[in-house]
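Below: the structure, in structure tokens.
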Amino acid sequence: MTIAALNSNPAPAILPGSGGMRGALSDLFWRRPQLLLLLMLLPPVLWLGIVYIGSLFALLAQSFFSIDEFSGLINRQFTLKTYGDLLQASNLDIILRTVTMAALVTLASAIVAFPIAYYAARYARGRWKALFYLGVMLPLWSSYLVKIYAWKLILAKEGILTWLLAKLHLLWVLDAWLALPVVGGNSLSVSFTGTFIVFVYVWLPFMILPVQAALERVPGNLVEASSDLGASPGQTFRNVLFPLALPGIVAGSIFTFSLTLGDYIIPQIIGTSRLFIGQAVYSQQGTAGNIPLAAAFTVVPIVIMGFYLWGAKRMGAFDAL
Amino acid sequence: MRSDRSQSAPVSLKIAAACGLLFLHLPILLIFVYAFTTEEKSFVWPPPGLTTQWFAVTWNRPDVWEALSLSVRVAAISTAIALVLGTLCAAAVSRTKFFGRETISLLVILPIALPGIITGIALRSAFALADIPFSFWTIVLGHATFCVVVVYNNAVARFRRTSGSMIEASMDLGADGFQTFRHIVLPNIATALLAGGMLAFALSFDEVIVTTFTAGQQQTVPIWMLEELIRPRQRPVTNVVAMVVVLVTLLPILFAYYLTRDGDQIAGSGK
């Protein structure tokens, strides 16, 4: 557009207000962007604030109530008695068992995830990259219960794993393992080993993705430089790759750790009768009707995750998410 | 970055990565075989015979259809609510800097960052305190709350890539706010919303932990499956339902991936 064309048809410097309700509203929002911002934020903040934060506070408040042991009614007076109940030996056992399981699951997921993430980040290109991406994404989004069900089929006594081991004449290994005190049991589907395998399987994609994201940022020539300077592959891994991948591993471990702490369905379907935190919460609020103790139990994972997140943040894990 | 890209991986790494991927995929494939087995009572492998009769049996089960219909209705309405709330929140957070912006992001992510059991029991105890009976809407309330985050993530990523000058240009050319939204903003974010909506649908369709606390006596498909897992009544029907559920959840994920694959952030990486 030339200057002449502009001058021949001068537009008024200030446009007249648009007509009608719609126009008036539109003008108002243009003049006062703060108002529009407020209107946009109000529905989601109200929803999440009332439905979610409100419920959370209601729950936390109830952990300070106590249950009357004779009538089974809830006594709505502030007390720390319920938190005292949490320190009973049987309840401490549950907490310790869950935290140990979460730590082991996290460690195992990191070990299984690393080769996949490293291959996808450094060697996979083009179609292979997409294939790897979908190869992690599809199991991540597949139905949680179907995944557990699949493992019930695999670990059952008459299932495919026993069949495979029998074909390989390795059944004695399985029997020897099941005869062990804590990790064993009647069959894999009613043992801690089974619970552990299913936890690792279900949370593995949550570990792969952040580790891969961290490894994508490691320049390939850094690894080459390390080997040029005479490091063995093991030394390169220990001194170059692992420290650079660590924020990603910590980021992934937030998911594996937190999800294991809160899960109550996997140990219920594949596992022993000894409880995990999630199961304790579920049975306390359901059959036992002891909402205060259930609420106090949920505070445990919240506090553990609070410390965990604080530590993870200091290690720079959030940049890898 | 010259020669290092063409060099191939050590064999041990290839084997470890391949084993890891097989570990992720074989169990799901196994479900497809079991859907055709003739064995009714146990999980015996190898299947003594193959049959398609269980598909007909499942088709004629009213309880499966009821659960499916409830799941689809809950997922559809939760997705619709999440789309509105997530988009509004994403638009507000990405277009302006304001006090408490970080808090809003945290607020959106919290329902999915904390273990599901906490969300579930918090909602249940709140319903109990407020004397709200369990219904279709209590399920929707829970689902919509954690579905907001997937829509939000997708929409925020797209808003960041959409340049603000297009909106300014539209306004300069005389369009009012609503016209700008309809003709400029919406076409730009449409595919991101579609992808986010599909992920939200898949998330809601599959959710079980929060639902066990907010459903009362009603059964969604995951609750139906959980019931069968704890007290198996008809294993062949469960096998067929499991296979159908895998297929139903995979299609939206593949489509969401296809919609956003050219972007800087691909949908679904943060469940």
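Annotations
- Residue in region A:224-251 that is surrounded by the fewest Cβ atoms within 10 Å (Cβ to Cβ), counting only those that are in contact (Cβ under 8 Å) with a residue 24 or more places away in the chain and within 12 Å of chain B (Cβ to nearest Cβ): A:Leu241
- Residue within region A:118-129 that is touching an Asp or Glu at 6+ places or on another chain (Cβ under 9 Å), farther than 30 Å from A:Val299 by Cα and within 9 Å of chain B (Cβ to nearest Cβ) present: yes
- Subset tally (residues that are without any contact (Cβ under 8 Å) to a residue 40 or more places away in the chain and either loosely packed, with under 12 Cβ neighbours inside 10 Å or under 20 Å from A:Ile95 (Cβ atoms) (or both)) for region A:50-75: 6
Yes or no, residue by residue, for (1) under 24 Å from B:Leu251 (Cα atoms); (2) more than 7 Å from every other protein chain (Cβ to nearest Cβ); (3) surrounded by 21 or more Cβ atoms within 10 Å (Cβ to Cβ):
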position: A:Leu138; (1), (2), (3): yes, no, no
position: A:Trp141; (1), (2), (3): yes, no, yes
position: A:Val146; (1), (2), (3): yes, no, yes
position: A:Lys157; (1), (2), (3): no, yes, no
position: A:Leu161; (1), (2), (3): no, yes, no
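- Given (1) facing another protein chain (nearest Cβ under 9 Å); (2) over 17 Å from the mean Cα position of the chain (by Cα); (3) under 30 Å from B:Ala9 (Cβ atoms), index of the condition A:Arg217 fails: (1)
- Residue among B:Val33, B:Val64, B:Val11, B:Val74 that alone is closer than 30 Å to B:Val156 by Cβ and either hydrophobic (A, V, I, L, M, F, W, C) or within 14 Å of chain A (Cβ to nearest Cβ) (or both): B:Val74
- B:Ala128 vs. criteria within 20 Å of B:Pro222 (Cα to Cα) and either touching a residue at least 12 places away in the same chain (Cβ under 8 Å) or assigned to a helix (DSSP H, G or I) (or both): no
- Residues satisfying the stated conditions in region B:19-52, i.e. part of a helix (DSSP H, G or I) and either touching a Ser or Thr at 6+ places or on another chain (Cβ under 8 Å) or of a type in the set (Gly, Ala, Ser) (or both): B:Gly20, B:Ile28
- Taking every residue in region A:14-27 that is more than 7 Å from chain B (Cβ to nearest Cβ) and pairing it with any residue that is modelled with pLDDT of 75 or more and surrounded by 15 or more Cβ atoms within 10 Å (Cβ to Cβ), at least 6 positions away or on another chain, the pairs with Cβ-Cβ distances below 6 Å are A:Gly17/A:Asp27.
- Selection over region B:217-233 of residues that are surrounded by fewer than 15 Cβ atoms within 10 Å (Cβ to Cβ) and in contact (Cβ under 8 Å) with a residue 24 or more places away in the chain gives a count of 1.
- Residue in region A:113-123 that is within 20 Å of A:Glu216 (Cα to Cα), in a helix (DSSP H, G or I) and of a type in the set (Val, Ile, Thr) present: yes
- Single unsatisfied condition, A:Trp151 versus (1) buried (at least 20 other Cβ atoms within 10 Å of the Cβ); (2) at pLDDT 90 or above; (3) more than 30 Å from B:Phe205 (Cβ to Cβ): (3)
- Flag if A:Gly278 is in contact with a helix residue (DSSP H, G or I) (Cβ under 7 Å, 6 or more places away or on another chain) and closer than 26 Å to B:Ala126 by Cβ: yes
- Of the helices (runs of 4 or more DSSP H) lying entirely inside region B:149-209, those containing at least 3 residues that are on the phi < 0 side of the Ramachandran plot and away from chain A (no Cβ under 12 Å) span B:164-172, B:186-206.
- All conditions but one from (1) buried (at least 19 other Cβ atoms within 10 Å of the Cβ); (2) within 11 Å of chain B (Cβ to nearest Cβ) apply to A:Ile95; the one that does not is (2).
- Options B:Ser71, B:Ser105, B:Ser94: the member that is under 16 Å from the mean Cα position of the chain (by Cα) and either part of a helix (DSSP H, G or I) or not charged (D, E, K, R) (or both): B:Ser71
- Filter result for B:Met225 (within 30 Å of A:Gln285 (Cβ to Cβ), assigned to a helix (DSSP H, G or I) and touching a helix residue (DSSP H, G or I) at 6+ places or on another chain (Cβ under 8 Å)): yes
- When region B:145-171 is limited to residues that are β-branched (Val, Ile, Thr) and in contact (Cβ under 8 Å) with a residue 40 or more places away in the chain, the one that is surrounded by the most Cβ atoms within 10 Å (Cβ to Cβ) turns out to be B:Val148.
- Region A:163-183: number of residues that are in a helix (DSSP H, G or I), among the aliphatic types (A, V, I, L, M) and surrounded by 12 or more Cβ atoms within 10 Å (Cβ to Cβ): 5
- Checking every residue in region A:260-281 against the condition of being within 10 Å of chain B (Cβ to nearest Cβ) and of a type in the set (Ser, Thr, Tyr) gives at least one match.
- Residues satisfying the criterion are absent from region A:122-134 (criterion: buried (at least 22 other Cβ atoms within 10 Å of the Cβ), in contact (Cβ under 8 Å) with a residue 12 or more places away in the chain and over 18 Å from B:Leu22 (Cα atoms)).
- Of all the numbered requirements in (1) buried (at least 20 other Cβ atoms within 10 Å of the Cβ); (2) modelled with pLDDT under 85; (3) under 27 Å from the mean Cα position of the chain (by Cα), B:Gly196 misses one, and that requirement is (2).
The values are calculated or read from the model by the stated rules, or taken from the named source; none is laboratory data. Quick caveat: nothing in here was measured; it's all calculated off a predicted structure. Positions of Cβ are generated from backbone atoms using ideal geometry, with glycine treated the same way; all protein chains shown enter the neighbour counts.
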